[in-house]
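Below is one structure; the comments refer to it alone.
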Amino acid sequence: MAKTSSSSRKPTRSSQRNKTTMSKPKYEEVTDVAHEEESTQVSRGEESTQVSHEEESTQVSRGGKRKNNSASGASKSKRSRPELGSKTSPFKSESEDVGVLGGDGSGCQKTPSKLKVTRRAVHGNGKEEQDARFIGEPVPDEEARRRWPKRYEGVEQKQVVSKNSKDENDSEIIQARRHYTQAEVDGRVLYNLYADAHVKAEEGQDYYICKIVEMFEAVDGTLYFTAQWFYRARDTVMKKLGHLIDKKRVFFSEIQDDNPLDCLVEKLIIAKVSLNVDLEAKKKMIPCCDYYCDMLYLLPYSSFINLSPEDKTNCSEASSTISSDDINSVNEEKSQYEEASQASNNKKSQVTLLDLYSGCGAMSTGLCLGANMAGLKLETRWAVDLNKYACESLKWNHPETEVRNESAEDFLALLKEWERLCVLFSLLKSENLEKQSFNPFGMEDDGDDDDNEEDDTEGDVFEVEKILALCYGDPKKKGERGLHFQVRWKNYGPEEDTWEPLEGMDDCRECLKDFVTHGFNSKILPLPGDVDVICGGPPCQGISGFNRFRNKENPLQDEKNKQLKVFMEIVEYLKPKFVLMENVVDIVKFAEGFLGRYALSQLIHLNYQVRMGMMAAGAYGLPQFRMRVFLWGARPTEKLPQYPLPTHDVVVRGVIPLEFEMNTVAYDEGQKVELETKLLLEDAIADLPAVGNYEHQDEMDYDKDPQTEFQRFIRLRKEEMPGSSPKAKPAKHLLYDHRPLELNVDDYQRVCQIPKKKGANFRDLPGVLVRDDNKVEWDPNVERVYLKSGKPLVPDYAMSFIGGSSSKPFARLWWDETVPTVVTRAEPHNQAILHPEQDRVLSVRENARLQGFPDYYKLFGPVKERYIQVGNAVAVPVARALGYALGLAYQGVPSDEPLMKLPLKFPNIIERISSESSEDNS
Ligand SMILES: C[S@@+](CC[C@H](N)C(=O)[O-])C[C@H]1O[C@@H](n2cnc3c(N)ncnc32)[C@H](O)[C@@H]1O
């Protein structure tokens, strides 16, 4: 899989329906395919399926961005503000909707290196002012040539020299006569080299903010300074969500431009501040300053990373380029020390994962497998989901996990109550939580209460034997939300267990104390600091294309998108070391990417390092495309994880949104890579036993040996799976969930008449004619055929689906094909889901295979629910690849590049680097 890189490339839309591979994307070819495919494939319930023509027509150029796609590439990536006459300047105004890609609509970037922001241009008064000058001695010639060699390459009088670059935007370097280290502008302001300054912008716009990293006189006598820019939040990918960020907070970049000296306006104090997830502590660290800066903003993968003096802010030859006072230097040293000890701590113990909106647990399963393969003992300790069947599945497959079947918002409320309980019983000291403020029993002391429960109880009818569980909510359905405990009553059995509110439990404080103490020790719930990694895919149904009442102005006000906020609140409360958020691509498409920008901004607000990438599941060895957005977050003391580059070629399906196209995790076009051949349906499912529409068995034996590498791998037993926990006990080797959604009699009879050949669908049934424009119509010469039930063989909805142009209804998949996205429903009415050679839809297991679930992963609930769990899942191979990257980052494996290569043949590595060996080493 690779990206295009030519800035001049302007793909046009065409109606070709050719499949293309990720290694040579031809975006012009996929949009129309997407229109139909995406509009019929619905997953998670929130995936937008209606691609408007407006959206499609935005599929223009990739804008030559790929060459910038390295950590240092940001310096070549350009933003643009409206032109100043014929001039350009480096920042984009909010009104321009160009964003990360920038550009002028042609897909090409404006060129800050050609920046000519003159005072005349800014003021438009036609008066040349010459009150800017360099002062002091010039930098000795030899030293200047050594420090800025490119400025001295040209022949004496030549003004500019072409860079050896294909990017015409970067093609000229202004040649220097001499360099200086001090300048005076307006006859009064003295600027030293590496000072921070405001720079003129066009009228009505805020000044630009820069660090002066060079001062030189050009060979034609013009005086220049080179600006390395700071970005305000709103000028970054955050755009209008930048309001979530403190106004004084700016982000240093690697983008530099040459500007006439007289564009300098005033000197600034920009304080360098350490990132700190303790927002209050950080506030105290900010000294008196014009702005403060704590992060480097790099365009590739919209990355915001920790600022470290040597690596990140070293523009040119500066030893320290951002003003910092003593407090902050000390702070920085402390954080570096913390970082070192953190990295060594990270190597030792079991690492805990909380899976939010866990579904049946595919994402966390993959993450743990991958992380373990990288030598990190990651385990899903807690999982939360509203769906009881999904929870059942997760629990069966991960008996070690505390699975909580409740809403994420109730889970968060519960966590807060739990912390108070732990403080109440003196298990935890908390500066923030006063015991007094949470004292439901009016306790005087530390809970050392040997009150006789019976003394306080009148009537004494019921006595609590044991507290079994707790939850936040309204389990008694009495309209009373709050903390409740599940109680086993003395002399009564489990069938008499009840949920009781905290307030009614003052007679059984000892029982409560025992329960809380035991729960605290066994960590039934995480307290702040207990969770190392949070992963989750908060549902955002408010952006679904099927939702006619989508709130485009502020999608966060839509109740259906509320979970994104809840997810961030849980992160804020628990402050994990790492965060991985997954979502549908629509979060960066809908309402100009509002929700995607919100998620990113919110993590930055919480002082997490962040980057955003889009990954196609098929690129990790599956016969489906399935593009999803993944957002990494890492605390300042940690390495920000990378994105694992694809291992497999894949058939590109669907729309890749333009603005975030450069966030696609892919190789550069032209880069030589040997990807494994793309997977096809046959590779994934051909070894499975034949079953019929009425198959009811949940478990059966395999009847064939595996035929392909994929089949051999997916059939590994749990204890054989690379990265699986050593605790995994040898399991029975049965095939689970190989049963299809049972079609009703009418549909079954229709399916039986669809020929068993490639491309077959309802159009092959009697009475359907296909016109030259590829639309269907009734054949006037054929009488309509009816089923025994009296219903027509060819239903009307099949004829009218997408204006009669679709071949999806009752379509068979074929062995040499792939699917766009495995979805949550299995009805064959508007999607190709029929088995190539059997008269049924793909079984739950076959769908699970397309999602990369190991065969040992058993699912629970009615068959329809199992399809939902599978269709909702993060494809396991993608999660596993991300887990591997997480494992490396967690252990401090140093790399600031946004992308990494997985080991050869990953994950099918026979030689296990599993937790067993890492245990030996620890
Ligand atoms: C996209 S699925 C997650 C899939 C999962 N990450 C995986 O890989 O298997 C979203 C899940 O969110 C759950 N959900 C929806 N609203 C919820 C809420 N308010 N609280 C907790 N879970 C919720 C749904 O039941 C669904 O299982």
Original post:
Can you list the residues, at least 5 places off or on another chain, whose amide H is less than 5 Å from the amide H of residue 468, using H built in the peptide plane?
Top reply: 486, 487, 488
Original post:
Considering amide H positions built from the backbone, and no H for Pro or chain starts, which residues 5 or more places from residue 815, or on another chain, come under 5 Å of its amide H?
Top reply: none
Original post:
What's the exposure ranking of 278, 474, 747, going from fewest to most Cβ atoms within 10 Å?
Top reply: 278, 474, 747
**OP:** Would you give the gap between the C-alpha center of region 239-314 and the C-alpha center of region 461-521, rounded to a whole Å?
**Re:** 51 Å
Original post:
What ³J(HN,Hα) values, in whole Hz, does the Karplus curve 6.51 cos²θ - 1.76 cosθ + 1.60 give for region 221-229 when θ = phi - 60°, with x put for Gly and Pro?
Top reply: x, 5, 9, 10, 10, 9, 9, 10, 8
Original post:
Sorting 864, 788 on the 10 Å Cβ count, fewest up front, what's the list?
Top reply: 788, 864
**OP:** State whether region 812-915 is rounded, prolate or oblate according to the following rule on the C-alpha gyration tensor (a ≥ b ≥ c being the square roots of its eigenvalues): a/c under 1.5 gives rounded; otherwise a/b larger than b/c gives prolate, and the remaining case gives oblate.
**Re:** prolate
**OP:** Quickly work out the residue 495-to-residue 699 label distance, labels modelled 7 Å from Cα along the C-beta direction, and quote it in nm with one decimal.
**Re:** 2.8 nm
**OP:** Rank these for me by crowding, 225, 625, going from fewest to most other beta carbons within 10 Å.
**Re:** 625, 225
Original post:
When only C-alpha pairs under 8 Å and at least 6 residues apart count, what is the relative contact order of region 520-601, in percent?
Top reply: 38 percent
Subject >> Projected label distance in nm at residue 283 and residue 137, using a 7 Å step from Cα toward the beta-carbon >> reply: 5.0 nm
**OP:** Could you pull out every residue, at least 5 positions away or on a different chain, whose amide H is within less than 5 Å of the one on residue 132? Hs are placed 1.01 Å off N in the peptide plane, and Pro or chain starts have none.
**Re:** 186
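Laboratory data are not the source of any read-out in this text; all were calculated from the coordinates shown. What you see is a predicted model; the values in this text were computed from it and never measured. When we count neighbours, we look across all protein chains shown, and the Cβ atoms used for this are built from the backbone with ideal geometry, even at glycine.
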